[in-house]
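J.: Please read through the structure below; I'll follow up with questions.
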Amino acid sequence: MLRLVSQGATSDPKFIHVKYNPPNKPVKSVALVGKGICFDSGGYNLKTGPDSMINLMKFDMGGAATIFGAARAIAHLKIPDVEVHFITASCENMVSGHAYRPGDVLTASNGKTVEVVNTDAEGRMTLGDALVYADKLGVDYIVDVATLTGSVIVGLGNEYAGLFTPHDEIASLLAKAASDTGESLWRMPFVRAYRKLLDSSIADVKQCHTRPGDCINAAVMLNEFVSEETQWAHCDIAGTSWNFAENCATGYGVRTLVSFIKGLDRSQKQ
């Protein structure tokens, strides 16, 4: 799906995987996956109007920036016992005669087919490929971080990021990490019943739908790309990754992710 989302752009997509090897034998392994849309025009569903924020869409790689910020910190701290993978499927979402279109059916890297409803919901498809890749690594935990939906801003504003997961274990670990570092993270409902809203007559799943609750439905859609038993969580940082008053990125999420990794480290519990 990454290749097809990116085909309207002149820049080639990049799939990036960086691995942190701890100095000791790892007791846990984690994959941190970041949304890396370097510019998001919306594609054929072009962002328009004063609320579209198209002029700020360089910030749509905020998830990737967050995980690589965490990578730098983790390497500097030399966390001894946790193996960490940093993964992003990075591209631009542009308009051209080659761009993907509403109504297209894309095939994900796990073989599932996805019906495109809105080309401005590209992030959940590039994340999907990255999550499939991360899941195949066989890690203990997967956390994806993404500036994914305007819906989470409607619900939580600009102070809180949304945490979505069907798994209480990883939810508790991330909530503690956020609390310990002073970053505001609120667990949102993960409603499996909403999966029916994503049923498609021409594909395995619809990319999105047009009803309210899109931030929940985006998380439910992403769940299609990880194994049921995988401890996976999705953090929607659309509202927290940019400081609108100062016109700059906030770095939100780096401290939480580093604290989460440190909490898994055996040496911290001695």
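The values are calculated or read from the model by the stated rules, or taken from the named source; none is laboratory data. Keep in mind it's a predicted model, so treat the numbers as computed, not measured. Cβ: placed from backbone, ideal geometry, glycine included. Neighbour counts: every protein chain shown.
J.: Which one is farthest from residue 260 (Cα to Cα), of the residues in the stretch 5-32 that are assigned to a loop (DSSP other than H, G, I, E, B) and among the hydrophobic types (A, V, I, L, M, F, W, C)?
T.: Here the answer is 9.
J.: Could I ask something else about it? Here are some conditions: (1) closer than 20 Å to residue 120 by Cα; (2) touching a strand residue (DSSP E or B) at 6+ places or on another chain (Cβ under 9 Å); (3) aliphatic (A, V, I, L, M). Residue 32 meets all but one. Which one does it not meet?
T.: In the conditions (1) closer than 20 Å to residue 120 by Cα; (2) touching a strand residue (DSSP E or B) at 6+ places or on another chain (Cβ under 9 Å); (3) aliphatic (A, V, I, L, M), residue 32 misses (1) alone.
J.: Name every residue in the stretch 11-28 that is closer than 27 Å to residue 115 by Cβ and of a type outside the set (Lys, Arg), in order of residue number. Show your work before the answer.
T.: Looking only at the stretch 11-28, we keep the residues that are closer than 27 Å to residue 115 by Cβ, and these are 11-15.
The answer is 11, 12, 13, 15.
J.: Among what's in the stretch 29-75 and is basic (Lys, Arg) and in contact (Cβ under 8 Å) with a residue 60 or more places away in the chain, pick the residue that is nearest to residue 161 (Cα to Cα). Walk me through it before giving the result.
T.: As a first pass, look at the stretch 29-75 and keep what is basic (Lys, Arg): 35, 47, 58, 72.
If we keep only those that are in contact (Cβ under 8 Å) with a residue 60 or more places away in the chain as well, we get 35, 47.
Working: 35: 15, 47: 23 Å.
Among those residues, the one meeting the criterion is 35.
J.: Among the strands (runs of 3 or more DSSP E) lying completely within the stretch 33-133, list those that include at least 3 residues that are within 19 Å of the chain's Cα centre (by Cα) and aliphatic (A, V, I, L, M).
T.: Those strands (runs of 3 or more DSSP E) span 82-93.
J.: Hey, which of the strands (runs of 3 or more DSSP E) in the stretch 159-270, taking only ones fully inside, have at least 2 residues that are crowded, with 17+ Cβ neighbours inside 10 Å?
T.: Passing ranges, in order: 161-164, 231-236.
J.: Give 152, 145 a once-over and let me know the one that is buried (at least 17 other Cβ atoms within 10 Å of the Cβ), assigned to a strand (DSSP E or B), at pLDDT 95 or above and at negative phi. So that I can check it myself, show each step before the final result.
T.: On the way: 152 fails: assigned to a strand (DSSP E or B).
Within the list 152, 145, the selection yields 145.
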